[in-house]
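Here's the structure we're looking at; comments come further down.
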Amino acid sequence: AVLNAQPKIQLVEKPAEKKVDVLIDGKLFTAYIYPETIKKPVLWPVVTAGGNEVTRQYPLKKKAGEQVDHPHHVGIWLNYGDVNGLDFWNNSDAIPADKAAGYGTIYHEKVEKAESGKGKAFLQTSCSWKDSKGNELLHETSEFTFQVQGNARVIDRTAILKATNGKVNITDNKEGMFAIRVTRELELPSTGK
């Protein structure tokens, strides 16, 4: 075996499952997923080189001892709590239908590029930020670079948000913009609330 050989990072598109798997030497690192149930595309799960999942399972799976709060906290995601007065951050399947008009949804549109490689892979996606009536406010282009650097796994994301139907106000808000919800073992405090 060659020392310092770069592992193969493979992007496997699975449109029927609404996801793109990111595999490092054939093992899952993460997946770009876009089911309708979570109101935005996310990276989930995220797995270390040692095989430990660092992202919370809920609401997509059940895990003993895990907190079941904030159903909108899934994996690694990008969104915001006030875009033209609409709450994209807190939207989930838990929102009652009579309150839906106050929330926005980010819809995955297309995988623009998926390039596998040695030690590095590149994914480019396009999404649409829409109100509850389906009117687009923002068009998003995101670029994800997945890398291996020794024992470390790296995810870089660049997102471009472009207003598509007039002015968009993204006002100061505590809920945004880039986040990860970690597994219970990484939360503080580790017991209690």
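Structure notes:
- Filter pass, GLU140 being among the acidic types (Asp, Glu) and out of contact with any Lys or Arg (no Cβ under 7 Å at 6 or more places or on another chain): yes
- Residue list for segment 124-142, restricted to those being open to solvent by less than 10 Å² (accessible area, probe 1.4 Å) and among the acidic types (Asp, Glu): GLU140
- Any hit, segment 120-133, residues being of a type in the set (Lys, Arg) and in contact with a Gly (Cβ under 9 Å, 6 or more places away or on another chain): yes
- In the set (1) crowded, with 18+ Cβ neighbours inside 10 Å; (2) outside any loop (DSSP other than H, G, I, E, B), the condition left unmet by GLU109 is number (1).
- ASN79 meets the stated requirement of being of a type in the set (S, T, N, Q), within 27 Å of ASN165 (Cβ to Cβ) and open to solvent by less than 30 Å² (accessible area, probe 1.4 Å).
- Among the residues listed as ASP87, ASP69, the single one being out of contact with any Leu (no Cβ under 9 Å at 6 or more places or on another chain) and free of Cβ contacts under 8 Å to residues at least 60 places away in the same chain: ASP69
- Residue identified as under 30 Å from GLY50 (Cα atoms), surrounded by fewer than 16 Cβ atoms within 10 Å (Cβ to Cβ) and either aliphatic (A, V, I, L, M) or out of contact with any helix residue (DSSP H, G or I) (no Cβ under 6 Å at 6 or more places or on another chain) (or both) among ALA152, ALA100, ALA114, ALA121: ALA152
The values are calculated or read from the model by the stated rules, or taken from the named source; none is laboratory data. From a predicted model like this one, the values you see are computed outputs, not experimental measurements. Positions of Cβ are backbone-derived with ideal geometry, glycine not excepted, and every protein chain shown enters the neighbour counts. Side chains included, ligands, DNA and RNA excluded: accessible areas come from the protein's heavy atoms. Shrake-Rupley method; radii C 1.70, N 1.55, O 1.52, S 1.80 Å.
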